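Just so you know, all these numbers are worked out from the coordinates, no wet-lab data involved. Predicted model only: the values in this text are computed from it and were never measured. For neighbour counting, all protein chains shown are included, and Cβ atoms are generated from backbone atoms with ideal geometry for every residue, glycine included.
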Amino acid sequence: MPFELPPITPNPVIDAYKPGIDMTLVRENLKLTPTERLEKLKRLVRGIDRLHADGKAFRETQQSQAADDSR
Amino acid sequence: MEEFRDIIQALTTHQVNGILIGGVAGALRGAHRPTRDVDWLYRRDPSNYAKIVEAVAPLSPYLRGAPPGLPFCFDEKTIAAGGNFTLTTTAGDLDLLATIAGGDYESLLDHSDLMRVFDCECRVLNLTTLIRVKRAAGRPKDFEAIAELERILEELDDE
């Protein structure tokens, strides 16, 4: 089955995102080795997971306190 | 568990023919965007299925999102009968892909480079082709990621 890759032509939707890209973060990444880039990605993902866990724990505490207050 | 490392090391140590694509490939090309699954475009060939099983079976693969307890057997027969597999493993999420929008292993091999990652030699889709396959997929959720990759390409072209 033949595959066709689209050319990289201007796309207004994609282009609309470009001014919002923080290139300082990208430039820092480009200074790293490939392994360092994935180590950084791993830390980023773990940080997000910790925030999700903390947020969940906070919400559960709030719900528990609200339930106690209503008794 | 070491995210990304254990899966990449397993696949490369067992010499699985494949190309790293998707968000992890984007990160290797400089993108700063969280992703948690390894996307591996594998060569459709029985000898490669055997290597995939040797590499991935020890990581207890299971169909991501499927109810627990299904009789899922990750072996060469399953890979031959299937195509794209989205898996959970003990080392993180792994997408084993036979084809993607824009290509398969054979058609994209010449658009990849060998990169040294975690002390392994790993094939990674090049930046321009990463952008083009993401454009071919046409998923709105990718638009911001494509924009970032294109900004990286512009940045590197300016150097």
Item to complete: Compute the long axis of helix A:34-70 from its Cα atoms, compare it with the longest principal axis of the Cα atoms of chain A, and write down the angle in degrees, 0 to 90, nearest 10.
Response: 30
Worksheet entry | Antiparallel bridge percentage (DSSP; both residues within region B:1-112; nearest 5) | 70
Response to the item:
Mean other chain Cβ within 10 Å across B:123-135 is 2
Practice prompt. Tabulate in residue order the Karplus-calculated ³J(HN,Hα) for region B:59-64, using 6.51 cos²θ - 1.76 cosθ + 1.60 with θ = phi - 60°, rounded to whole Hz; enter x for Gly and Pro.
Written response: 8, 6, x, 8, 5, 5
Worksheet item: Counting only the backbone N, which residues of region B:119-159 are under 13 Å from the spot 7 Å out from the Cα of A:Met23 toward its beta-carbon?
Response: B:148-159
Discussion item. What does DSSP give for the protein assembly as shown in terms of the percent of beta bridges that are antiparallel, rounded to the nearest 5?
Written reply: 75
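Kindly give Rg over Rh for the protein assembly as shown, based on alpha-carbon atoms, with the Kirkwood expression for the hydrodynamic radius.
1.02
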Worksheet entry | Helix-only mean residue ellipticity at 222 nm for the protein assembly as shown, each DSSP H run of n ≥ 4 adding -39500 (n - 2.57), per residue, nearest 500 | -15500 deg cm²/dmol
Discussion item. Test of understanding: extend the Cα→C-beta vector of B:Arg33 to 7 Å, then name every residue of region B:144-159 with backbone N under 11 Å from that spot.
Written reply: B:144-152
Worksheet, complete the sentence: The number of Lys pairs in the protein assembly as shown whose alpha carbons lie under 22 Å apart, excluding pairs fewer than 8 residues apart on one chain, is 8
Practice prompt. Kindly state, to the nearest 0.05, the FRET efficiency for A:Arg50 paired with B:Asn126, given R0 = 30 Å and r defined as their beta-carbon distance.
Written response: 0.35
Item to complete: Residues in region B:36-50, backbone N under 20 Å from the label point at B:His14 (7 Å along the Cα-to-beta-carbon vector): list them, ranges by number please.
Response: B:37-50
Fill in: Shielding by partners, peptide B:20-26 (average Cβ within 10 angstrom, other chains)
1
Discussion item. Taking each residue in A:48-55, count the Cβ atoms of any other chain within 10 Å of its Cβ, then average. What number comes out?
Written reply: 1
Fill in: Tensor-based shape of region B:1-140 (alpha-carbon gyration tensor, a/c under 1.5 rounded, otherwise prolate or oblate)
rounded
Worksheet entry | Percent RCO, i.e. relative contact order, over region B:24-159, from Cα pairs under 8 Å lying at least 6 residues apart | 25
Worksheet item: Normalised by the residues of region B:80-134, what does the relative contact order come to in percent, with Cα pairs under 8 Å and at least six apart?
Response: 24
